[in-house]
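Below is one structure, written out as structure tokens; the observations come after it.
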Amino acid sequence: MHLPVLYMTVTFSGKLLIRPLKNLSQTNIMISGQNKTKLKKAATPKGGLYMEPKLGNPQNTIAVIQKYNFVFQKKYGQNFLIDTHVLDKIITAAGITNNDMVLEIGPGIGTMTQYLASAARKVIAVEIDDHLIPILEDTLSEYDNVTILHDDILKVNITHLASQYNGGRPVKVVANLPYYITTPIIMGLFEKDVPVDNITVMVQKEVADRMQVGPGSKDYGALSLAVQYYAEPYLVANVPPNCFLPRPKVGSAVIRLKRYSSPPVSVRDPALMFRLIRASFNQRRKTLQNGLSNSPELSLSKEQIAQAILTLGMPASVRGETLTLEQFARLADYFFEHTHQKGNPLC
Ligand code: SAM
């Protein structure tokens, strides 16, 4: 495959770590769906030492891509990381120790996986693209603590993985996420009560902004509130397009979401609160009252809504985008108490 010279000019640190040889005998390659476990012999390390991670700079990434004639698939959001500084930052921010199980979503050619495998006790890497599986078998052949699952992450039972590989304890999730499924992946991890300690992910800069902001910002929305209900967001780094191959059109950012042991606000029915939040932001230009009464997810009369807004001390003309998480929680509790008790469930 011909790669433009442009990619060869990307700056990189070219750092190679030399560490003592681990007990490298087998790489556990599990092809999910076919229920097949293939055990593969590891490459022979030289002189009792092996170098890790080997990927992470442009030359090595290009060499792997050329070796396998790999063609990037836009539909899977394939932009591979080629900056060792960024990779180091991700590993540090995720706080990975040799006691951790890490779930990596979308390992690509295994660049970040090599870094994760060097730091963690166990890495499960879930990759959807058939063409990447033989590449991963090659690039991860020296790591005996990596299991590759060939599957769509949205179909994987992560709770089951945590119990199988981590005794049910919370796992750390690390990923350079494909844009098209960023929100479903993150919300799925939070809403399905998957045992997760933290999620450290590369996302589009604009998505990272949306996760961190509060009322008053144009980026404030349902994603901000959902993320902030479940986790404490922390911006690890802004990452420019030249850290990827191929270069994306927009900037990216690494964000860490540390899951709260209990949410920062109490609410009697979180699902109801999220229905109210979605209804408020689906019609941004409308008042809170109109947004809620037009929502197909809610069956509240205009009078009920007006009464709730009044009782909570907000002006009738208030817009949903000005409400804090705490205010949405109080609104949800109001409807929970005043409509459920009268035998009038909201949906
Ligand atoms: N982690 C690699 C890196 O940083 O170089 C690759 C990141 S690339 C942005 C996203 C990866 O996610 C690709 O390898 C892509 O094939 C994979 N992917 C996309 N959709 C997926 C899905 N639904 N389930 C699992 N992997 C997926």
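For the reader, a short list of remarks on this structure follows.
- Distance (nanometres) between label positions extended 7 Å along Cα→Cβ at residue 316 and residue 249: 4.5 nm
- Applying both filters, DSSP loop and at most 14 other Cβ atoms within 10 Å, to the trypsin sites (Lys or Arg not before Pro) of the stretch 175-218 gives 192, 218.
- Annotated for the stretch 210-347: lysine pairs at least 8 residues apart or interchain, Cα distance under 26 Å, count 5.
- Across the stretch 145-162, rounded Karplus estimates of 3J(HN,Hα) from the backbone phi angles (6.51 cos²θ - 1.76 cosθ + 1.60, θ = phi - 60°) give 10, 10, 10, 9, 9, 8, 6, 8, 4, 5, 9, 8, 8, 6, 4, 5, 4, 4 Hz, Gly and Pro being marked x.
- Given +1 at the Cβ of Lys and Arg, -1 at the Cβ of Asp and Glu and no other charges, the dipole of the stretch 168-298 around its Cα centre is 220 debye to the nearest 20.
- Cα centroid separation, the stretch 275-338 to the stretch 147-175 (Å): 37 Å
- Ordered by the number of other Cβ atoms lying within 10 Å of each residue's own Cβ, fewest first, 268, 330 fall into the sequence 268, 330.
- Qualifying chymotrypsin sites (Phe, Trp or Tyr not before Pro) in the stretch 258-299, where qualification requires a DSSP coil assignment and no more than 14 other C-beta atoms within 10 Å, comprise 260.
- Gyration tensor verdict on the stretch 174-253 (Cα atoms; rounded if a/c is under 1.5, prolate if a/b is larger than b/c, oblate otherwise): oblate
- Lysine-lysine proximity count for the stretch 64-194, Cα under 19 Å, sequence distance 8 or more or distinct chains: 6
Throughout, read-outs are computed from the coordinates displayed, never taken from laboratory work. Just so it is clear, the structure is predicted and the values come from calculations on it, not from any experiment. A quick note on method: Cβ atoms are made from the backbone with ideal geometry, for glycine too, and the neighbour counts reach across all protein chains shown.
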